[in-house]
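A.B. asks: Pasting in a structure now, in structure tokens, and then I'll have a few things to ask.
The values are calculated or read from the model by the stated rules, or taken from the named source; none is laboratory data. This one's a predicted model, so the numbers in the text were calculated from it and none came from an experiment. Don't worry about glycine lacking a Cβ; one is built from the backbone with ideal geometry, like all the others, and counts go over all protein chains shown. Just the protein is used for accessible areas: all its heavy atoms, side chains included, with ligands, DNA and RNA removed. Shrake-Rupley method; radii C 1.70, N 1.55, O 1.52, S 1.80 Å.
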Amino acid sequence: MAILKIIFGIVLGLAIGVGVVFGGELLNHQLWPPPEELNVTNPGAVRAYLETAPLPALLGLPLAWTIAAGLGAFVAAKVAGRVWAGWLVGALLFAATALNLAFIPHPMWMLIASVVCVPLAGFFGARLGRPAPS
């Protein structure tokens, strides 16, 4: 039964993390919608938009990714009863963030903030969710 608890914790942590990213990005796009004429399949157009987008619109993205990694890792570690389960979830959410940053051009400050904050949030989220010592 312990392995099912670990698997459930990891899956739940990932689901919560992805849900936070989805919700955060949805809220961010509602508050600061990108121009309707923006062609998201054109990296040059996306880069040009990101260079002129309002700062609060840009801050919301790494914030959502960081919260997702921390909360997902916390839930995984808490439910699984293993801190490494939280670290795994944090690492998977960081990998998704890194892919996003690699495929969509972002300003350098967003890249640096995300590369620093997302793994730290995953690490500390898992540590906070670890089981209490007996």
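A.B. asks: List the equivalent ellipsoid semi-axes of the stretch 28-110 in whole Å, largest first, each obtained as the square root of 5λ for an eigenvalue λ of the Cα gyration tensor. Mind showing how you got there, number by number?
C.D. replies: Values: eigenvalues 185, 35, 19 Å².
Calculated on Cα positions only, the semi-axes equal 30, 13, 10 Å.
A.B. asks: Show me, for the stretch 102-119, the HN-Hα J-couplings you get by feeding each phi into the Karplus relation (A = 6.51, B = -1.76, C = 1.60, θ = phi - 60°), rounded to Hz, glycine and proline as x.
C.D. replies: 6, 8, 10, x, 10, x, 4, 5, 5, 5, 5, 4, 5, 5, 8, 6, 5, x
A.B. asks: With θ taken as phi - 60° and the coefficients 6.51, -1.76 and 1.60, list the Karplus ³J(HN,Hα) couplings across the stretch 81-93 in order, rounded to whole Hz; mark glycine and proline as x.
C.D. replies: Once θ is set to phi - 60°, the couplings for the stretch 81-93 become x, 9, 5, 5, 5, x, 5, 4, 4, x, 5, 5, 5 Hz.
A.B. asks: Write out the GluC sites (Glu not before Pro) in the stretch 1-76 meeting two conditions: DSSP loop, and at most 11 other Cβ atoms within 10 Å of their Cβ. Before the final figure, lay out the partial values.
C.D. replies: Details: sites: Glu25, Glu36, Glu37, Glu51; in loops: Glu36, Glu37.
When the GluC sites (Glu not before Pro) of the stretch 1-76 are filtered for loop state and at most 11 Cβ neighbours within 10 Å, Glu36, Glu37 remain.
A.B. asks: If you roll a 1.4 Å probe over the heavy atoms of the protein chains, what accessible area per residue do you get for the chain, in Å²?
C.D. replies: Numbers: 7830 Å² over 134 residues.
Per residue, the chain has 58 Å² of solvent-accessible surface.
A.B. asks: Given the convex hull over the Cα atoms of the stretch 1-69, what projected area results after averaging over all orientations, in nm²?
C.D. replies: On the way: hull surface 22.5 nm².
Dividing the Cα hull surface by four gives the mean projection, 5.6 nm².
A.B. asks: To the nearest 10 degrees, how steeply does helix 2-31 sit against the main Cα axis of the chain, on a 0 to 90 scale?
C.D. replies: 20 degrees
A.B. asks: Could I ask something else about it? Do any trypsin sites (Lys or Arg not before Pro) in the stretch 1-102 lie in a loop, going by DSSP, with at most 14 other beta-carbon atoms within 10 Å of their beta carbon, and if so which?
C.D. replies: Working: sites: Lys5, Arg47, Lys78, Arg82; in loops: Arg82.
Here no loop site has a sparse enough neighbourhood.
A.B. asks: Something else now. Would you mind checking the tilt of helix 43-52 against the longest principal axis of the Cα atoms of the chain, expressed as 0 to 90 degrees and rounded to 10?
C.D. replies: Approximately 90 degrees, to the nearest 10.
A.B. asks: Next up: I'd like the distance between the alpha-carbon centres of the stretch 21-47 and the stretch 49-85, rounded to an integer number of Å.
C.D. replies: Value for the Cα centre distance between the two parts: 18 Å.
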